[in-house]
Amino acid sequence: MRYLRTVLAMLVIASGAFMVAPAPVGAAPATRCTKTYTVVKNDSWNRIAGRVKVSMGLLLKTNKANTRTMLLIGDVICLPKSAITKAQSTGLGLKAPAKRYTAAQSEAIIREIFPDSLENRAIAIVKRESKLNAAAYNKCCVGLFQIHFKAHRSTLAKIGITSAQELLDARKNTLAALTIYKRSGWSPWNM
């Protein structure tokens, strides 16, 4: 593999694609790494460093590389221990909900829980935030109304919701949203 990489680098340089002196070729193989990353199209040392939230210098040092070290699609490189991988970035540790809700079921729950005067606005917010998908979540926000669990932890605890996982239930998420609305109006969703 090392020979193939060297030949590839020579061909790239000889073709005139790069008019620089040959750089060290290839990232160090990812052996004895606690975390790894597989290089994809359009990756660079800087992009990878930004993606995993570490400095480029630390990433280069971890791989005994420099800025001229070539990365090829499929290379597996070492990540520093402090790197945040995609699996870690959700930060909520959620698993698939026990019950799945259709969009129609979710809308019916919102209409049931919210007062008539607020239900159309609530449904419009949910369509924007989660597209009526009760199982939607990202690194901060969960469920139909995309409730920021950590920001509303104390308010949610008062109504018996003590984990982000519970917000994947359409009924609990809607009750939580109504509680937040009563406390703050629509401002949590108007950002």
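The values are calculated or read from the model by the stated rules, or taken from the named source; none is laboratory data. Keep in mind that this is a model prediction, so the values were computed, not measured. Here Cβ is always computed from backbone atoms with ideal geometry, including for glycine, and neighbour counts include all displayed protein chains.
Looking only at region 40-47, decide whether some residue is hydrophobic (A, V, I, L, M, F, W, C), over 30 Å from residue 172 (Cβ atoms), touching a helix residue (DSSP H, G or I) at 6+ places or on another chain (Cβ under 8 Å) and at pLDDT 85 or above. Checked region 40-47: at least one residue is hydrophobic (A, V, I, L, M, F, W, C), over 30 Å from residue 172 (Cβ atoms), touching a helix residue (DSSP H, G or I) at 6+ places or on another chain (Cβ under 8 Å) and at pLDDT 85 or above.
Selection of region 156-184 for residues being more than 19 Å from residue 115 (Cβ to Cβ) and either among the polar types (S, T, N, Q) or in contact with a helix residue (DSSP H, G or I) (Cβ under 8 Å, 6 or more places away or on another chain) (or both) yields 156, 158, 161, 162, 163, 165, 166, 167.
Name the one entry in 153, 100 that is among the charged types (D, E, K, R) and over 27 Å from residue 53 (Cβ atoms). Checking each option against the conditions leaves just 100.
Looking across 94, 118, one residue alone is within 30 Å of residue 171 (Cβ to Cβ) and not in a helix (DSSP H, G or I). It is 94.
Name the pairs: first residue in region 106-122 and aromatic (Phe, Trp, Tyr), second residue surrounded by fewer than 19 Cβ atoms within 10 Å (Cβ to Cβ) and part of a helix (DSSP H, G or I), Cβ to Cβ under 8 Å, at least 6 apart or on different chains? Once the first residue is aromatic (Phe, Trp, Tyr) and sits in region 106-122, its partners that are surrounded by fewer than 19 Cβ atoms within 10 Å (Cβ to Cβ) and part of a helix (DSSP H, G or I) give 114/178.
Residues are listed down the side, and each one gets a yes or a no for (1) part of a loop (DSSP other than H, G, I, E, B); (2) in contact with a Lys or Arg (Cβ under 6 Å, 6 or more places away or on another chain); (3) at positive phi; (4) of a type outside the set (D, E, K, R):
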residue: 126; (1), (2), (3), (4): no, no, no, yes
residue: 134; (1), (2), (3), (4): yes, no, no, yes
residue: 150; (1), (2), (3), (4): yes, no, no, no
residue: 157; (1), (2), (3), (4): no, no, no, yes
residue: 162; (1), (2), (3), (4): yes, no, no, yes
residue: 172; (1), (2), (3), (4): no, no, no, no
residue: 175; (1), (2), (3), (4): no, no, no, yes
residue: 181; (1), (2), (3), (4): no, no, no, yes
residue: 188; (1), (2), (3), (4): no, no, no, yes
